[in-house]
Amino acid sequence: TAFIEFRDVWLAYSDALRAQNQFAVEAIDLQVPRGAFIAIVGPSGCGKSTFMKLTTGLRQPSMGKIRVAGQPVTGPLKISGMAFQAPSLLPWRSTLDNVLLPLEIVAPYRSQFRQKRKEFEERARALLHKVGLAGYEHKYPWQLSGGMQQRASICRALIHEPQMLLLDEPFGALDAFTREELWCTLRDLWTEQRFNVILVTHDLRESVFLADTVYVMSKSPGRFVAQKTIPLPRP
Ligand code: ADP
Ligand code: ADP
């Protein structure tokens with residue numbers, strides 16, 4: 001069975017828009033196996049963020065059914081981690097404390113945070129080490145380059161060991177060299193831990209380099225118009 005499953009999903013952002021048949025996404029059908037890495041590409045405004053919001057339960061569909069990990073999605077999902085184009089680290093917190101943040105606020109970790117702080121810190125240090133940020137634990141965001149901040153934000157997205165990682169243009173603001181380095185970092189993390197990844201990107205080369213399957217979304221209405229599974233070996 002699929003890990004992420006959309007059955008004929010439509011979303012209008014308001015009743016008024018729905019009355020005019022103005023859907024942000026429509027007729028979305030999708031089955032993603034557990035552990036898959038998919039990419040969604042398409043022009044601005046085609047519905048990529050809407051798709052992400054539906055997948056994580058931040059929005060409920062106007063019509064259709066969504067299941068993730070065998071469960072209907074009824075509210076914000078705790079099994080997902082997210083990173084965006086802007087790393088948005090809290091400037092008054094060290095790298096380590098930024099990475100720990102989800103464990104301080106997401107149940108069930110929240111209630112254990114004080115007792116398990118040492119263990120959680122070890123986990124954060126191990127992740128930072130994997131992405132090449134060993135030695136930067138106690139630096140503040142302004143002391144890190146853009147690429148390093150983005151690495152930290154990916155660690156923050158993974159610290160609660162989510163089953164699903166959602167990435168919305170995570171490398172868009174980086175130079176080409178840093179971006180390709182981070183592609184490799186991400187691929188290594190994924191190969192090792194096999195969480196599901198949904199990557200939204202404008203960069204076709206990035207989608208082909210990273211994803212198992214690339215979905216192309218068209219604008220008005222937002223629909224999947226093509227799907228391509230990328231064979232190994234990769235470019
Ligand atoms: P993308 O992420 O591909 O740029 P979005 O999912 O943000 O596209 O937007 C899809 C469509 O839904 C666009 O027409 C956008 O203007 C509209 N939209 C997005 N968010 C809202 C909202 N909160 N209220 C009304 N319309 C929205
Ligand atoms: P939310 O789901 O909490 O409304 P969104 O990310 O959808 O958050 O949108 C953030 C803000 O931008 C909201 O105030 C939303 O209404 C507004 N917004 C985004 N896209 C559009 C749009 N196409 N038309 C109207 N408002 C939009």
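Above 22 Å, the calculated P(r) of segment 88-175 contains 22 percent of its Cα-Cα pairs.
Given springs between every Cα pair under 10 Å in a Gaussian network model of the chain, which of Gly222, Gly47, Gly64 has the largest fluctuation? Maximum among the listed residues: Gly64. Across q = 0.14, 0.17, 0.18 Å⁻¹, segment 114-235 modelled as identical point scatterers on its alpha-carbon atoms has Debye log10 I(q)/I(0) values of -0.68, -0.94, -1.03, in the order of the q list. Roll a 1.4 angstrom probe over the protein heavy atoms and tell me the percent of accessible area of segment 168-235 that is carbon or sulfur. Exposed carbon and sulfur together represent 57 percent of the surface.
A cut-off under 9 angstrom between Cβ atoms defines the neighbours of Arg7, and their net charge, with Lys, Arg +1 and Asp, Glu -1, is -1.
Within the shell of other residues whose beta carbon sits under 13 angstrom from the beta carbon of Tyr215, the net charge comes to +1, with Lys and Arg scored +1 and Asp and Glu -1. Here, segment 1-121 is characterised by an Rg to Rh ratio of 1.05, where Rg is the alpha-carbon radius of gyration and Rh the Kirkwood radius.
What separates the Cα centres of segment 153-194 and segment 62-78 is a distance of 24 Å.
Enter the angle in degrees (range 0 to 90, nearest 10) between the Cα long axis of helix 146-158 and the first principal axis of the Cα atoms of the chain, meaning the one along which they spread out most. The angle comes out at about 80 degrees. With a 1.4 Å probe and every protein chain kept in, tell me what percent of the accessible surface of segment 1-139 is carbon plus sulfur. Its accessible area is 52 percent carbon and sulfur atoms.
Compared with the dominant Cα axis of the chain, that is its longest principal axis, helix 109-130 is turned about 90°. Based on C-alpha pairs under 8 angstrom that are at least 6 apart in sequence, segment 1-111 has a relative contact order of 27 percent. For the chain, modelled as a GNM whose springs connect Cα atoms under 10 angstrom apart, the maximal fluctuation among Arg179, Arg114, Arg194 occurs at Arg114.
Per residue, the convex hull spanned by the Cα atoms of the chain measures out at 132 cubic angstrom. Net charge in the neighbourhood of Val25 (other residues with Cβ under 12 Å of its Cβ; Lys, Arg +1, Asp, Glu -1) is +2.
Computed with a 1.4 Å probe over protein heavy atoms only, the accessible surface of the chain comes to 49 Å² per residue. Pairs of Lys residues in the chain, spaced 8 or more positions apart or belonging to different chains, with C-alpha separations under 25 angstrom: 20 in total.
The values are calculated or read from the model by the stated rules, or taken from the named source; none is laboratory data. These figures come from a predicted structure and were not determined experimentally. As a convention, Cβ positions derive from the backbone with ideal geometry for all residues, glycine included, and neighbour counts pool all protein chains shown. Each accessible area value is taken on the protein alone, full model and side chains, heavy atoms only, with ligands, DNA and RNA left out. Shrake-Rupley method; radii C 1.70, N 1.55, O 1.52, S 1.80 Å.
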